[in-house]
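Structure first, commentary second.
None of the figures in this text is laboratory data; all of them are computed from the coordinates on show. These figures come from a predicted structure and were not determined experimentally. Heads up, the Cβs are rebuilt from the backbone with ideal geometry, glycines too, and the neighbour counts pull from every protein chain shown.
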Amino acid sequence: MKICIFYTSPKLGDIILQLPFIKSISNYYKTEVTLCINSHIKIKSILENQKYISNIIENPFRRGRFFFQDILKLKQDLNKENINYAFILEKTKGPAIACKLARINKIYGFGIGSQKYLVSNSDRLNKNDLRYNYTEQSIKFLNNLKISHNFKDKFIILKNENKSNFIKIYQHLPKPWVCFAVDSTEVNRIWPQKNFAELADKLFEKKLAKTIFVINHENHKQYFQEIVKNSKYENQFINCKSLDRSQIIHLIDVCEYFVGIDSGPSCVAGALDKKTFCIIGPTDATLPRFNSMVKIKSDIYDSSREIGINRCGDNFLQDNSEVKTIKVQKVFEEIKSHLQDKEYSE
């Protein structure tokens, strides 16, 4: 049996959130799986080294005039791998079409919309399920297939050799090392940078951090400069804007703990089983389920928004007014309470 699992989102966090389900399918069938992802993700070298993943197929999954070109390329890749079981962890039709063209025996998918004509499973999701987040959708999908799942595992494990080589780059910097992820492509999630600066100062003063690595999107504002400008310890920050995604994952792994907003890097930290302090804005706090994640919500968090009107997220606030209500002291107290048993050398 050769299994391929598909997830086409170009967002880093989205594919990381699916790793528990990918691993569950691998465990259920007692075999490594091929994983097909969007080529925009750019973490192939990380994913293909996981024990439950045998190899990675990348595809752009473009729309419009490139749609069938990409589907035909995917069909060829599936034929090369001799895939005979497919699991599509979403409602998209492109992978299902490619699977049909590749004459794959069993195709399991959400079965919503036109995909229902292409999948083998009779127990399908329905349009109302789109009101729930991606995690809930995948849970229902696996439940329909009688495949159990859990969120307590470590879903990303890095090679010790690679970790050691990465540590050497920064070994001259004082520990403890902490990672801050401070922005998102969705501005409603972004906590003010002056808050990150104030939080950093508190961590430095309590010796819960001595070096803070700051990661943010390369095309966004000068967030690093804003943090440094508002901190009393400007020389203890490291700007990580030049790192690629693979390097960022290694960086998160070698830090003592992670602090960030609800975005891709926080999902990575959770999948690494790193102690993760996630600042939740006007989003759905039930979406990430990683065991090591501490979710810090606003005092006005409204759980009713966890179910969308027509689709998940269509009732989220589109500005950052809610996340701005989360006080620095609240985040600091959460971190301190979870690290109170930690002893760091002077």
Task: Extension reserve of the Glu234-Asn84 stretch, reckoned as 0.36 nm per residue once the Cα distance is removed - done: 48.4 nm
Open item on the list: Please list, by residue number, every one of the trypsin sites (Lys or Arg not before Pro) in the stretch 70-105 that is coil in DSSP and has at most 11 other beta-carbon atoms within 10 Å.
Closed with: Arg103
Open item on the list: What is the angle, in °, between the Cα long axis of helix 328-338 and the longest principal axis of the Cα atoms in the chain? Nearest 10 is fine, range 0 to 90.
Closed with: 80 degrees
Open item on the list: Show me, for the stretch 114-122, the HN-Hα J-couplings you get by feeding each phi into the Karplus relation (A = 6.51, B = -1.76, C = 1.60, θ = phi - 60°), rounded to Hz, glycine and proline as x.
Closed with: 5, 5, 4, 7, 10, 9, 8, 6, 7
TODO: Evaluate the Debye formula for the stretch 160-338 with equal point scatterers sitting on the alpha carbons, no solvent, and hand back log10 of I(q)/I(0) at q = 0.14, 0.16 Å⁻¹, in q order, two decimals.
DONE: -0.72, -0.95
Open item on the list: Roughly how far apart, in whole Å, are the Cα centres of the stretch 150-165 and the stretch 187-203?
Closed with: 28 Å
- [ ] Taking amide H positions as placed in the peptide plane 1.01 Å from N, state which residues far from Ser54 in sequence (5 or more) or on other chains have amide H under 5 Å from it.
- [x] Val33, Thr34, Leu35
Open item on the list: Going by amide H atoms built from the backbone, whose H comes under 5 Å of the H on Cys312, apart from near neighbours?
Closed with: Arg131, Tyr132
TODO: Could you tell me the convex hull volume per residue, in Å³, taken over the Cα atoms of the stretch 251-308?
DONE: 72 Å³
Open item on the list: Can you list residues from other chains, or at least 5 along the same chain, whose modelled amide H is less than 5 Å from the amide H of Val294?
Closed with: Thr276, Phe277, Cys278
Task: the chain: radius of gyration over Cα atoms, expressed as a fraction of 2.2 N^0.38 Å - done: 1.03
Open item on the list: As a test of understanding, state the convex hull volume per residue of the stretch 3-144 from its alpha carbons, in Å³.
Closed with: 104 Å³
- [ ] Compute the long axis of helix 19-29 from its Cα atoms, compare it with the longest principal axis of the Cα atoms of the chain, and write down the angle in degrees, 0 to 90, nearest 10.
- [x] 40 degrees
Task: Karplus-derived HN-Hα couplings along the stretch 203-213 (A = 6.51, B = -1.76, C = 1.60, θ = phi - 60°), whole Hz, x at Gly and Pro - done: 5, 4, 5, 8, 6, 8, 7, 10, 9, 10, 8
